[in-house]
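All of the numbers you see were taken from the coordinates with simple rules; none came from a lab. Small disclaimer: the values here were computed from a predicted structure and weren't measured. Don't worry about glycine lacking a Cβ; one is built from the backbone with ideal geometry, like all the others, and counts go over all protein chains shown.
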Amino acid sequence: MLGVRLRRGAVTLSFLAPALLGIGMFFVYPLISAVYFSFTKFDLLTVPQWVGLDNYRRMAGDPFLLQAVRNTLWMVAVFVPVRMLFTLGMAMMIAQFKRGAGFYRTLFYLPSLVPPVAATIAFVYLLKPGTGPVNHVLSMVGIDGPLWFNSPAWAKPSLVLLGLWACGDLLIIFLAAVLGVPESLYEAASLDGANAWHRFRSITLPTIRPVLLFAAVTGVIYTLQYFDQAAVAGSIASGQATVGAGISQSFGYPEGSTFTYPLWLFTVGFRYSALGYANALAIALFVVALAITVVLLRRAKAFSGEES
């Protein structure tokens, strides 16, 4: 009997081995290495020197880190809920279409297939002050368009607009969730005299709550790692990308308004070669993302009446 169990265990382990090996090589080992290097002074050229908590103490007095944290938290607090609300509204609207629903699903999903770098470049030129078509159209109706990516006040909202344009992936998920709500629930609520708002609040939202939680968690994690669009937008809007000055020199343009946490992490690690401090920044970001995820999951359980 014991031999049979051992053979079954060996067979099971053989099937799991490729996945376990991949997890170990590409997640566990890099994570452990990052934790170790975060306690060292390391630049790839010399032997790592143990410095204890110096890298973490350095964060407290890092003015660039403070600016990056503020911008990143702004993106999390604004971009994530706005994107979810906008996408949910679009999903609810498309779900009402009796004809042409497939066309609209495809139409709204296509922008999400555009590479982020290409989409950002296109958006910067569309919103370019003076020559961009968006401001030109606004001027035709008597509206003085903002400076968009060239304005510290409008740069982050411009990135939010870019995110809304490319929300097709989340739209498909929300649309599937909305269409999955049993029609019988709506019919019963209508017989009880519930209006559209009451049906949405009492039936749709509770039913799709797991999908909303998934969107919130993945949205927060994605925004905490917001890099490509902020880097490219600053580079193109500042003109640095066209003169070969190096993209890292334009990080945060204009006036640090788009300088996110990952941009500072990249700058520390690959421009200043302070890889020990960069690893400490990465570990701090991982801990924050994990903590926010745990909080969201616990609040979702409490809201649904489950025991945490």
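Tabulated results
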item	result
Exposure proxy ranking, count of Cβ atoms within 10 Å, fewest first, for 45, 285, 138	45, 138, 285
Added length on full extension, which subtracts the Cα-Cα distance from 0.36 nm per residue, residue 4 to residue 165	52.3 nm
Label-reachable residues, segment 5-47, where backbone N falls under 16 Å from a point 7 Å from residue 287's Cα toward its Cβ	31-40
Theoretical ellipticity at 222 nm over the chain - DSSP helices of four or more residues, -39500 (n - 2.57) apiece, nearest 500	-20500 deg cm²/dmol
Against the rule of thumb 2.2 N^0.38 Å, how large the Cα Rg of the chain comes out	1.24
Check: segment 61-303 dipole with +1 on Lys, Arg Cβ and -1 on Asp, Glu Cβ, in debye	360
Span-rule helices in the chain, defined as complete DSSP H runs reaching 20 Å or more along the axis (Cα) with Kyte mean at least 0.5	2-23, 63-95, 209-224, 275-303
Segment 1-157: radius of gyration over Cα atoms, expressed as a fraction of 2.2 N^0.38 Å	1.73
Fewest-first sequence of 202, 250 by Cβ atoms within 10 Å of each Cβ	202, 250
Exposure proxy order (Cβ contacts within 10 Å, fewest to most) of 103, 251	103, 251
Residue 11 paired with residue 176, simple spin-label distance in nm, labels 7 Å along Cα-to-beta-carbon	3.2
